[in-house]
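Peer 1: Sharing a structure, written as structure tokens. Questions coming.
The values are calculated or read from the model by the stated rules, or taken from the named source; none is laboratory data. Here the structure is a predicted model, which is why all the values come from computation and not from measurement. Ideal geometry is used to build each Cβ from the backbone, glycine not excepted, and the neighbour counts take in all protein chains shown. Protein only, heavy atoms only, side chains kept; ligands, DNA and RNA dropped before computing areas. Shrake-Rupley method; radii C 1.70, N 1.55, O 1.52, S 1.80 Å.
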Amino acid sequence: MSRPFYLILIHVLSCLAFLALPYVFAQDGIAKLAELPVNPHEQRNLASYLLTIAFFYTSFYWLIPRFFEKKQYFLYGACVLVCFLIVQGTLLLINQQAGPPPFKHVPEPGATTPRGLETPFQDRGAMAPPPMPPNGAFQRGGPPQSSLPAEISQTFFLFVAGLLLSLAIWINNRWRETERQRLSTELSYLKAQINPHFLFNTLNSIYSLAIERSSATADAIVQLSSFLRYVIAEGRQDSVSLTHELAYIGHYIALQRLRLDDTVPVQYATKGNSHGLQIAPLLLISFIENAFKYGASPQEKSQIDIRIDVTGNQLQLYVFNQKVHVADAPVAGSGIGLTNTRTRLQLLYPGRHDLLILDEPTSFTVTLNLILS
């Protein structure tokens with residue numbers, strides 16, 4: 001089901017539920033619904049609910065974006081008042097077309113009453129006093145008092161409900177959009193930090209090959225150009241193919257193997273089907289980069305083990321490295337890459353990831369379980 005169709009369906013069902021409220025919760029709701037074609041009072045009630053729905057959409061899609069969002073509160077209030085007068089005027093017109101309510105005929109003064117129908121208060125030649133109403137006040141002849149104040153109160157309540165609901169939904173949507181923009185800005189900032197950091201470390205690797213006058217320098221530059229193309233083309237997107245992300249990691253590991261020249265055993269294996277899965281770009285590389293940064297040295301014996309397993313839509317990353325002494329290096333796990341990756345995981349995969357980092361005196365292990373889309 002497409003999103004536009006889903007939204008239209010939600011709106012239609014919500015309007016139908018709103019129109020059904022006075023008949024669902026009333027004791028004689030079904031009877032009132034059956035009287036709708038012939039009962040002017042029920043017709044007026046239905047019209048008030050329909051006009052409330054019309055005002056809600058007018059306020060939400062026209063008045064709020066045109067005036068309230070631009071902080072033209074006076075014009076917005078004036079338009080709301082005009083809308084209320086239009087709604088109330090329409091309902092009064094419906095009342096007038098329904099005709100005046102029936103009332104009991106009161107005999108005129110001096111009119112005779114048929115024999116046998118006199119009241120105890122009547123006497124020949126005298127006019128009967130008016131009947132005493134329940135509240136103790138006398139009522140003059142004419143039609144009974146109209147229920148207009150009650151109808152105005154009902155109209156006002158429904159109108160205010162539509163007004164407040166439109167404002168509440170607009171404020172909620174605005175807050176969600178602001179939060180989405182904030183997260184997007186923060187993620188862009190984090191990726192902007194990761195890319196130069198990763199490029200700096202990679203250039204250092206090629207620099208080491210150039211100092212040693214290694215024949216693998218040209219191959220290292222080719223590997224660098226491959227994953228730089230990936231960073232430029234796909235690293236700016238919100239999500240990328242997991243297959244492309246794994247190929248990108250493969251280029252990085254191949255480059256590191258060229259630099260280390262088999263002095264550090266590097267075990268790298270992938271298992272499972274990655275086709276059709278999406279992942280945030282440059283999300284896994286920080287853990288792998290950290291292993292080479294603090295676990296690879298041609299002067300010391302060390303070991304690096306990297307495994308990526310894909311089962312269904314679940315990905316497990318396992319990275320292990322032995323710690324080696326690196327001059328002027330911070331403590332493993334405290335770099336900007338890991339810190340930013342933790343933050344990105346919390347923002348992009350809340351409740352869908354499990355990160356376990358085991359920092360021991362001689363080794364560093366990362367286990368990441370991730371639910372992908």
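Peer 1: Can you tell me which condition residue 236 does not meet? The list is (1) open to solvent by 50 Å² or more (accessible area, probe 1.4 Å); (2) within 13 Å of residue 292 (Cα to Cα), and all the others hold.
Peer 2: So residue 236 meets the others, but not (2).
Peer 1: Of the residues 63, 21, only one is open to solvent by 70 Å² or more (accessible area, probe 1.4 Å) and closer than 25 Å to residue 94 by Cβ; which?
Peer 2: That would be 21, the only listed residue that is open to solvent by 70 Å² or more (accessible area, probe 1.4 Å) and closer than 25 Å to residue 94 by Cβ.
Peer 1: Any residue at all in the stretch 200-213 that is more than 19 Å from residue 347 (Cβ to Cβ), open to solvent by 60 Å² or more (accessible area, probe 1.4 Å) and either modelled with pLDDT under 70 or not in a helix (DSSP H, G or I) (or both)?
Peer 2: Yes, the stretch 200-213 contains a residue that is more than 19 Å from residue 347 (Cβ to Cβ), open to solvent by 60 Å² or more (accessible area, probe 1.4 Å) and either modelled with pLDDT under 70 or not in a helix (DSSP H, G or I) (or both).
Peer 1: Can you tell me which of 365, 339 is at pLDDT below 90, open to solvent by 10 Å² or more (accessible area, probe 1.4 Å) and either hydroxyl-bearing (Ser, Thr, Tyr) or farther than 25 Å from residue 237 by Cβ (or both)?
Peer 2: Exactly one residue qualifies, and that residue is 339.
Peer 1: Then there's this: Take the stretch 18-33 and flag every residue that is of a type in the set (A, V, I, L, M, F, W, C) and either in contact with a helix residue (DSSP H, G or I) (Cβ under 6 Å, 6 or more places away or on another chain) or modelled with pLDDT under 85 (or both).
Peer 2: 19, 20, 21, 24, 25, 26, 30, 31, 33
Peer 1: Give the residue, chosen from 56, 74, that is at pLDDT 90 or above and either closer than 30 Å to residue 37 by Cα or part of a loop (DSSP other than H, G, I, E, B) (or both).
Peer 2: Step by step, each of 56, 74 is checked, and only 56 is at pLDDT 90 or above and either closer than 30 Å to residue 37 by Cα or part of a loop (DSSP other than H, G, I, E, B) (or both).
Peer 1: What are the residues in the stretch 342-356 that are touching a Lys or Arg at 6+ places or on another chain (Cβ under 9 Å) and open to solvent by 20 Å² or more (accessible area, probe 1.4 Å), if any?
Peer 2: 355
Peer 1: Which of (1) among the acidic types (Asp, Glu); (2) at pLDDT 85 or above; (3) part of a loop (DSSP other than H, G, I, E, B) is the odd one out, the single condition residue 328 does not satisfy?
Peer 2: (2)
Peer 1: Which condition does residue 43 not pass, out of (1) open to solvent by 70 Å² or more (accessible area, probe 1.4 Å); (2) in contact with a helix residue (DSSP H, G or I) (Cβ under 9 Å, 6 or more places away or on another chain); (3) over 25 Å from residue 153 (Cβ atoms), if it passes all the others?
Peer 2: Every condition holds for residue 43 apart from (3).
Peer 1: Within the stretch 219-241, can one find any residue that is of a type in the set (A, V, I, L, M, F, W, C), outside any helix (DSSP H, G or I) and either at pLDDT 85 or above or within 30 Å of the chain's Cα centre (by Cα) (or both)? Steps first, please.
Peer 2: Filtering the stretch 219-241 down to residues of a type in the set (A, V, I, L, M, F, W, C) leaves 220-222, 224, 227-228, 231-233, 240.
With outside any helix (DSSP H, G or I) added as a condition, the list becomes 240.
Checking the rest, the ones that are also either at pLDDT 85 or above or within 30 Å of the chain's Cα centre (by Cα) (or both) come to 240.
Yes, because at least one residue in the stretch 219-241 is of a type in the set (A, V, I, L, M, F, W, C), outside any helix (DSSP H, G or I) and either at pLDDT 85 or above or within 30 Å of the chain's Cα centre (by Cα) (or both).
Peer 1: Among the numbered criteria (1) within 36 Å of the chain's Cα centre (by Cα); (2) surrounded by 17 or more Cβ atoms within 10 Å (Cβ to Cβ), which single criterion is violated by residue 271?
Peer 2: Among (1) within 36 Å of the chain's Cα centre (by Cα); (2) surrounded by 17 or more Cβ atoms within 10 Å (Cβ to Cβ), the lone unmet condition for residue 271 is (2).
Peer 1: Same structure, new question: For the condition free of Cβ contacts under 8 Å to residues at least 40 places away in the same chain, over 19 Å from residue 164 (Cβ atoms) and outside any helix (DSSP H, G or I), what is the one hit in 26, 31, 20?
Peer 2: Criteria check complete, one pass: 26.
Peer 1: Under 8 Å between Cβ atoms, which residue pairs at least 6 apart in sequence (or on different chains) link something in the stretch 211-222 that is over 12 Å from residue 260 (Cα atoms) with a partner that is open to solvent by 60 Å² or more (accessible area, probe 1.4 Å) and of a type in the set (A, V, I, L, M)?
Peer 2: The qualifying pairs do not exist here.
Peer 1: Shifting gears a bit: Would you check if there is a residue in the stretch 275-282 being open to solvent by 20 Å² or more (accessible area, probe 1.4 Å), outside any loop (DSSP other than H, G, I, E, B), touching a Lys or Arg at 6+ places or on another chain (Cβ under 9 Å) and of a type outside the set (Lys, Arg)?
Peer 2: Among the residues of the stretch 275-282, not one is open to solvent by 20 Å² or more (accessible area, probe 1.4 Å), outside any loop (DSSP other than H, G, I, E, B), touching a Lys or Arg at 6+ places or on another chain (Cβ under 9 Å) and of a type outside the set (Lys, Arg), which makes the answer no.
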